[in-house]
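Written out below as structure tokens is the structure these notes cover.
Readers should treat all values here as calculations from the given coordinates under stated rules, not as data from a laboratory. Only a predicted model underlies this, so the values are computations on that prediction, with no experimental measurement involved. Cβ sites come from the backbone with ideal geometry, for glycine too, and all protein chains shown count toward neighbours.
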Amino acid sequence: MGVLKIALEKLIYIVETLIFIRAILSFVMRDTNNTIISFVFQVTEPILSPFRELLRRLKMDTGMIDFSPLLAILFLSFLSRIINVIVW
């Protein structure tokens, strides 16, 4: 059970890092033809799109700022804590 916990924590950390990188890249660079940037966008989009949809359904117009990465990172942190409580 300990190996599974560590693997899940590492996976969550990697996804959080990719979401953070995507948020930074969205301010700096929009060249989606770059292989690395394309990879980051393809991996994080399935995670971010439900949060974007949630914000849209709640009619939270945030202008040009996308809060879905923040919500996704908070959700993943919460998920990580739940995993720690369940396993321990």
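Some observations on this one:
Quick grid of which residues meet (1) touching a Leu at 6+ places or on another chain (Cβ under 9 Å); (2) in a helix (DSSP H, G or I); (3) surrounded by 14 or more Cβ atoms within 10 Å (Cβ to Cβ):
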| residue | (1), (2), (3) |
| --- | --- |
| Lys10 | no, yes, no |
| Ile19 | yes, yes, yes |
| Thr32 | no, no, no |
| Pro46 | no, yes, no |
| Ser49 | no, yes, no |
| Met64 | no, no, no |
| Pro69 | yes, yes, yes |
| Arg81 | no, yes, no |
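- Residues satisfying the stated conditions in the range 32-88, i.e. under 12 Å from Leu18 (Cα atoms) and among the aromatic types (Phe, Trp, Tyr): Phe39, Phe41
- Selection count, the range 21-30, where residues are in a helix (DSSP H, G or I) and more than 19 Å from Leu76 (Cβ to Cβ): 2
- Just one of the listed residues (Arg22, Arg30) is of a type in the set (Lys, Arg), on the phi < 0 side of the Ramachandran plot and more than 10 Å from the chain's Cα centre (by Cα), and it is Arg30.
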